[in-house]
Amino acid sequence: MSFIQRVEGFEKRVEPVARFLNAAGACTSLLMVVLVTAHVISRALFHQPLVGTVELEELMIVILVYCGISYTQITGNHISVDFITARLPKGAQAVLAVAASLVQGLFFMVLTWQSLAQSITRLNDGTATFDLRIPLFWVMWIISIGFFLFAVNTLTDFLKNAYFAFKNGHGLATVIAMVVSVVLVFLPLTGIEMELEMGQYFGVIALLIFLFSGMLIGAALGFLGFFGMALLFGADSGLGLLRTVPYSMTASYSLCVIPFFILMGELCFQSGLSEKLYKAAYKWVGQFRGGLSMATVLACGAFSAVSGSSLATAATMGAVSLPEMKRYKYADTLATGSIAAGGTIGILIPPSVVLIIYGILTEVSIAELFFAGIIPGLLSLLYYLIAIMIWTRVNPQVGPVGPRFTMGERVKSLGDTWEVLCLFALIMGGIYGGFFTPTEAGAVGATGALVFGLIRRRITGKNLYSALLSTGRTTSMVFLVVIGTAIYGYFLTSTQLPMELANYATNLAIPPVAIIAAIVTICFGLGCVMGTLPLVFITVPIFAPVVESLGFDLIWFGIIVVVISEIGMITPPVGINVYIMKGIAGDVPLATIFKGIFPFLLADVARLITLIAFPSVSLFLPQLLR
């Protein structure tokens, strides 16, 4: 048996363990939703909240994240930026893959070591939760197991990468890459120190290098945070972050809102709500030129109100609307462009996972962010509809008219969308009325989506299980970046770089709007080459203090960041929604889809200018909550 066969055989033994843990953790998300919903109902009807709910939720989200983190790596769902590495020569790609996988594998072994050390400390101290007195040492075991399996998966990737690099004649470069990687990981433990000013330069330059090295975003951020803290303040400081941050950042009740809204979106998808929304919009605007594309955009906006994910919106709407547009001879440019662009609205109209993360990073009200996204979201629909109208007027052949329906048929079609209206009203009305927090709103919304799916008999055991597994993978993907960002954030704050940037920007003899324009330009450039989550996690901790020091509202800035993220999702060379569209419309060339995106990009730029010029568009509804 050859070396590579032994490695692959070992992988096949590890994968069932990771898959089982992922399934067990994913099912925890349903328990979390049911518990919080019961807590809300008990408090509302009997004025008696369930004791220990917060503690149980914090423990269960740890189980959800770390039981799924390894399998998410196996299935390739963790985030990396390969914009530069994919354009390097094959040999350079192979050597870089060796270095990246080795650094990641060793780093997660260090995380495993520190998590085990923390579990021993908690066992000896007898640390337990406050209300229910649940011991916490076993939670650290789960974190250790998750990190260990992740490290094992990554190190097997390293062995395969090294084998193929040697086999293809890159032996010397591979050996050098391996030596450099080992030195990088263990250098922080040697006691070498660097000056604070050097740490500032290192924090920015190394970040850009590691982001585009092919490493996972969460791993790159976490490693740089550990590396920087250890070199600034000693190895104990760096290792201390690795002991405490994975648990403290995950076991957070406020962060439970992330899996809640992800699960709600998955359940809505499994319930077939996207198809109902499209059919309703189709009957109202299908008879106009470009009407089917307009229906797609409107349905995307409506589905966003219960999804919170641009990728899910684009994928589900593409599967529903593309066959219809092909049937009525729509041009591929308009058909694919409207789906890819319409899908981006998923991260703006509440509930939005990206807005939740922004709120956590900046410590601003998530409820206010949700309300701030409503009018800009509706504005995006309006601008997209105008773009379609102008396009089809200039070139009528791209979007022929569709069938005309009677008023009775149109009104009747709205009856099939009542679940979406109810869920949106339940979530936003509950938050606005003070009946529950945004975290609780996510659980209530997911429960409502499950109930509606069961009533319609669209939710079966099979697709419920599929929704839970998808929720587990997505949650683990998000939290790996959250943990890495937290570790890096401690280091960045220690260098005082964000504060110094804020002071510098405040004292510049130029209008504050010019500084905002520069920040927007930088974010726009980064958004073209990386995904939404990396953009938010990397830019917000640096730029938010600057924006606040200039006197701008962070709620408004959050909407600007999300809009820029939306534009990045359809902008070459990355444009993730475009690639999703390519997967759905396999026979349409990628260049054709990007060509179809162009009118919508113009609409997006017009929307961005509107929101910057008139902050009240974003702030009108949030001010009603204050």
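Charge tally for residue 267 (other residues, Cβ to Cβ under 11 Å; Lys, Arg +1; Asp, Glu -1): -1. Ranking 515, 80, 318 by how far each Cα lies toward the positive end of the dipole of the chain (charges on Cβ) leaves 318 at the top. You can think of it this way: the chain between residue 124 and residue 389 has 88.5 nm of extra reach, that is 0.36 nm per residue less the Cα-Cα gap. The angle separating the long axis of helix 497-507 from the principal Cα axis of greatest extent in the chain is about 60 degrees. Considering only 396, 376, 615, and ranking their Cα positions along the charge dipole of segment 256-625 that arises from unit charges at the beta-carbon of Lys, Arg, Asp and Glu, the one farthest toward the positive end is 396.
The Cβ shell under 12 Å around residue 55 holds other residues with a net charge of -2, Lys and Arg each +1, Asp and Glu each -1. A straight line joining the Cα centroids of segment 351-387 and segment 75-135 runs 31 Å.
Calculated over segment 256-625, the projected area of the Cα convex hull averaged across directions stands at 18.4 nm². Taken about its Cα centre, segment 1-65 carries a charge dipole of roughly 180 debye when the Cβ of each Lys and Arg holds +1 and the Cβ of each Asp and Glu holds -1. When the Cα positions of 112, 233, 10 are compared along the charge dipole of segment 3-251, 10 comes out farthest toward the positive end, with charges on each C-beta of Lys, Arg, Asp and Glu. Separation of segment 228-242 from segment 389-403 is 61 Å, based on Cα centroids. A Förster radius of 35 Å, combined with the Cβ-Cβ distance separating residue 457 from residue 244, puts the computed FRET efficiency at roughly 0.15. Using the Karplus relation 6.51 cos²θ - 1.76 cosθ + 1.60 with θ = phi - 60°, the per-residue 3J(HN,Hα) values for segment 109-123 come to 5, 5, 4, 4, 4, 6, 5, 5, 4, 5, 5, 5, 4, 5, 5 Hz, with x marking Gly and Pro. For segment 1-136, the direction-averaged projected area of the alpha-carbon convex hull comes to 12.3 nm².
With Cβ to Cβ distances under 15 Å as the rule, what net charge do the other residues near residue 130 carry (K, R +1; D, E -1)? Residues near residue 130 contribute -3 overall. Against the chain, whose longest principal axis is taken from its Cα atoms, helix 438-455 shows a tilt of about 60°.
Descending by average beta-carbon neighbour count within 10 Å, the peptides 260-271, 413-424 line up as 260-271, 413-424, the highest first. Each peptide in 136-144, 69-77 was scored by the mean count of other Cβ atoms within 10 Å over its residues; highest first, the order is 69-77, 136-144. In terms of its Cα atoms, the chain spans 75, 66, 62 Å along the principal axes, sorted from long to short. Extension gain, residue 501 to residue 614, is 38.1 nm, computed as 0.36 nm per intervening residue step minus the present C-alpha separation. Excluding same-chain neighbours fewer than eight residues apart, the aspartates and glutamates reachable from residue 12 by a Cα-Cα span under 20 Å are 157.
The 3J(HN,Hα) values that the Karplus relation (6.51, -1.76, 1.60; θ = phi - 60°) gives for segment 295-300 are, in residue order, 4, 4, 4, 5, 5, 4 Hz. Gly and Pro appear as x.
Within segment 583-621, which residues have the backbone N less than 13 Å from the label spot 7 Å out from residue 86 along Cα→beta-carbon, could you tell me? Label zone hits: 583, 590-591.
Modelled label positions at residue 183 and residue 41, each set 7 Å beyond Cα in the direction of Cβ, lie 6.2 nm from each other. Between the helical axis of 3-46 and the longest alpha-carbon principal axis of the chain there is an angle of about 60 degrees. The 3J(HN,Hα) values that the Karplus relation (6.51, -1.76, 1.60; θ = phi - 60°) gives for segment 162-178 are, in residue order, 5, 4, 6, 5, 5, 5, 8, x, 10, x, 5, 4, 5, 4, 4, 4, 5 Hz. Gly and Pro appear as x. Each Cα pair under 8 Å and six or more residues apart adds its separation to the average, and for the chain the resulting relative contact order is 19 percent. Taking every DSSP helix (H) stretch of at least 4 residues in the chain, weighting each as -39,500 (n - 2.57) and dividing the sum by the residue count yields a mean residue ellipticity at 222 nm of -26500 deg cm²/dmol. Dipole check for segment 360-453: with +1 at the C-beta of Lys and Arg, -1 at the C-beta of Asp and Glu, and the Cα centre as origin, the magnitude is about 540 Debye.
Could you give the length gained on full extension between residue 435 and residue 422, defined as 0.36 nm per residue of separation minus the Cα-Cα distance, in nm?
3.1 nm
Amide hydrogen proximity for residue 80: with H placed 1.01 Å from N in the peptide plane, the residues at 5 or more positions away or on another chain lying under 5 Å are 217.
Around the Cα centre of the chain, unit charges on the Cβ atoms of Lys, Arg, Asp and Glu (plus for the first two, minus for the last two) sum to a dipole of about 2220 debye. Straight-line cross-link partners of residue 326 among the aspartates and glutamates, defined as a Cα under 13 Å from its Cα and at least 8 positions apart when in the same chain: 587. In vacuo Debye scattering of segment 460-546, one point per C-alpha: log10 I(q)/I(0) at q = 0.11, 0.12, 0.21, 0.26 Å⁻¹? Taking Cα atoms of segment 460-546 as identical point scatterers yields -0.46, -0.52, -1.05, -1.24.
Just so you know, all these numbers are worked out from the coordinates, no wet-lab data involved. Since the model is a prediction, treat every value here as computed from it, not as a measurement. Cβ atoms come from the backbone with ideal geometry, glycine included; neighbour counts cover every protein chain shown.
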